[in-house]
Structures are given as structure tokens and as C-alpha cells.
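Heads up: the structure comes next, in C-alpha cells.
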Amino acid sequence: MNKRKIGVLASGRGSNLQAIMDNIANGTLDLEIAVVVSDKPDAKALERAQNANIPTVVVDRKACSDKIDFETKIDSALKEHNAEVVVLAGFMRLLSGFFVEKWQHKIINIHPALLPSFPGLDAQGQAIEYGVKFSGCTVHFVDEGTDSGPIILQKVVPVFDNDTEETLSARILEEEHKAMSEALKLWSLDKLGVEGRKVILK
Ligand code: GRF
């Protein structure tokens, strides 16, 4: 049987991409990464994909006339490679309604905080600053807002008095790597339904 195909958008280090690749390689995830798209030509994520013979595409924002052009090119790359869902694994650009509408309930993001707390940039720093005792990560479908779409799953980690942004980020990242693969497994088994704001397990 043909495996279900995902497209991954990544801007940087790509450790979440690597976790997905590892879980495909060890048989935990039964799907295929059809393409990795990056807005950064030097993203480590691209190197990781190339090492695993996964097709890569760079869409440089600076080379695009505007945001619509940028997002149209990303959309085309995903469609050319037959991606059924878009996974944002450290993709550092906000997607506009133009793109989100095309992929409604088909864009999955990972955020390093327990949403709706601490959306946007530097979520781990925001958590430390606020003084919360627990934080974690959230995997969610993307809507037109910032980190505001229906939540698929969350994982919790403690925040210790002596935590720095670095130590908390590392603790959360470990959970991110598990969380995204768990969400993708549910998706690949067609278990995710969306009812209004809620994700329901079918
Ligand atoms: C992760 O913390 C993710 O939650 C956030 O950006 C970071 C990306 O890390 N959106 P990596 O590129 O997957 O290593």
C-alpha cells in the first residue's frame, strides 16, 4: 500500500524533522516525507533531509515579489510532491490566510509551550519570565491566528527554580520530539477529527 505523504517546512536546526525521520526509519511511523521545504538556504534541516535522500526545495522570501508569491511557491512545491499534510517543524514565518485556507486542518505545528499560554516567539523565555511551574509543548492544527488553532496533543514538563531558558528549552525539546510523532501517527491512522475548536479522536 502507498504510504501517506507529508511535507515538512523548516527554517533551522531541524531536530523535530530528524525525530520524524528516525521514527519512520525505526518503523514507529508509517508514512513518507515527500519533501522538505525551507525559507533558509543554509538550514541544517535541508542537510538532514538530503542525507536521507528526501527531496528538498528552498523558497527564499527575498527572491519572492511578496508574501502571496512566497506562499504560492511553497504550496506548489508541496503539491508537486503530493504532500497531503504540511508539518511545521521550526518554520519561523507566519503563514497568511491565503495559505491556511488552501490547507485547512492540514497544517500541523509544534509550539514549545502549553498553549494558549505563551504563543509567539521565545515561548520558553516567556514561561521562565512568568514564573510558571509547568510548561511543555503543544501540537496543533494551524488557523489564521498565531499558535491559536485546534490542539491535537500536549506534553507537560516541570519548570525548576534554577531553570534558564536553555535548560527549559532542552527539557521541552525532548518532549517535542515525541509529541509530533504521536500526532502524526494519529493523523496517519486517520484518527484526527476537528469539531469547531476541538480535535476529537475518531
Ligand atoms: C522548536 O522548539 C519548535 O517548537 C519551535 O522551533 C523549534 C525548532 O527546533 N517552533 P528544530 O528546528 O526542530 O530543532
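Here, each number is a calculation from the coordinates, and none is a lab measurement. Computed from a prediction, not measured in an experiment: that's the story for all the values here. Because the Cβ atoms are built from the backbone with ideal geometry, glycine has one as well, and the counts that use them run over all protein chains shown.
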Principal axes of region 115-202: Cα extent on each, largest first, Å: 41, 24, 17
What is the Cα convex hull volume of the chain when expressed per residue in Å³? 122
Write out the chymotrypsin sites (Phe, Trp or Tyr not before Pro) in region 126-202 meeting two conditions: DSSP loop, and at most 12 other Cβ atoms within 10 Å of their Cβ. F160
Kindly point out which whole DSSP H helices in the chain project their C-alpha atoms 20 angstrom or further along the helix axis while averaging a Kyte-Doolittle hydropathy of -1.0 or above. 165-188
Say each of K191 and K5 gets a label point 7 Å from the Cα, pointing the same way as Cα to Cβ; how far apart are those two points in nm? 2.5
Qualifying lysines (Cα of each under 20 Å from Cα of K191; at least 8 residues distant if same chain): K3, K5, K106, K155, K178, K202
Kirkwood hydrodynamic radius, computed over distinct alpha-carbon pairs, for region 1-103: how many Å, to one decimal? 13.7
Taking the Cβ of I128 as the centre, find all other residues whose Cβ is under 15 Å away and add up their charges (Lys, Arg: +1; Asp, Glu: -1). -4
What number, in percent, do you get for the relative contact order of the chain if the mean sequence gap of Cα pairs under 8 Å and at least 6 apart is divided by its residue count? 19
Leaving out same-chain residues fewer than 8 places away, which lysines sit with a Cα under 24 Å from that of K62? K40, K44, K73, K79, K102
Find the relative contact order for region 1-103 and round it to a whole percent, using C-alpha pairs within less than 8 Å whose residues are 6+ positions apart. 37
